[in-house]
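Here's the structure we're looking at; comments come further down.
The values are calculated or read from the model by the stated rules, or taken from the named source; none is laboratory data. On a predicted model such as this, the values are computed, not experimentally measured, just so you know. Heads up, the Cβs are rebuilt from the backbone with ideal geometry, glycines too, and the neighbour counts pull from every protein chain shown. With ligands, DNA and RNA removed, areas are computed over all heavy atoms of the protein, side chains included. Shrake-Rupley method; radii C 1.70, N 1.55, O 1.52, S 1.80 Å.
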Amino acid sequence: MNIDLSRRSLLALLPLVLLAGPRPARALVAGDAAPALELEGPAGPVSLAALQGRVVYLDFWASWCPPCRQSFPWMDAQLARHGAAGLVVLAVNLDRQRAAAEQFLRAVPSRATIAFDPAGDTPRRFGARAMPSSFVIGRDGRVRLQHDGFREEDRAPLEAAIAQALRA
C-alpha cells in the first residue's frame, strides 16, 4: 500500500491529534464567558481573572506548529500597537515538554505573557479546534471572537476584532 501524505495533509490532521479527548459540548462563541485559566508561566502563575478589565488576545500554540511561527511576530506587533490601550497577549503553550517551548521562544522571542499547559486541558475547555487557536476576550471577560489557525489573510479581521474590543 502506497500512502502519500503531504505536509498540508499532515497539518490538517494535527488539530485532530492535538485536541483529541474530552471536549465541551460546543466551542465558545461571541458572548460566552471565558472559562477560568490558571497556569504556570516562566515568572510564576498566570491567571485570566487577573487580566479582567483588559482586552486579552488568548493564543494556544505549540513549538511544532508552523503557523505559530508566523503568528508570534504579528502578536508582538499588536502588543506594540495596542498595549498602551489595554491589550494583553496571553500565549498558552501546549507542548508536553517545556524545553521544546523554551527552544521555540529563543528562536521566536515574544513580549507576550507566556503560560504552559502540557496536559492540554485549557484548549479543551475553550473548545479550541485547530492549531493555533485564538480568542479575543473583552474587558468584561466575555469572548468576542474565536479564530482557528493563522494565515496572512487572517491578519486584518483579527486586527479589526482587537480594535473593536478595545473601543468597547
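One table, with the values for the structure above:
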read-out	value
Segment 127-151 and segment 23-70: distance between their alpha carbon centers, rounded to Å	8 Å
Accessible area (Å², per residue) of segment 43-102, counting only protein heavy atoms and a probe of 1.4 Å	41 Å²
Modelled FRET efficiency - R0 41 Å, residue 47 with residue 152, Cβ distances, 0.05 increments	0.80
Carbon and sulfur %, accessible surface of segment 102-162 computed with the full protein complex present, 1.4 Å	48 percent
Length gained when the stretch residue 164-residue 80 is fully extended (0.36 nm per residue, less Cα-Cα span)	28.6 nm
Interchain or long-range residues, amide H under 5 Å from residue 46's placed H	39, 40, 41
Per residue accessible area of segment 108-168, 1.4 Å probe, in Å²	43 Å²
Label-zone membership for segment 30-71, site residue 97, 7 angstrom Cα→C-beta point, backbone N under 18 Å	62-66
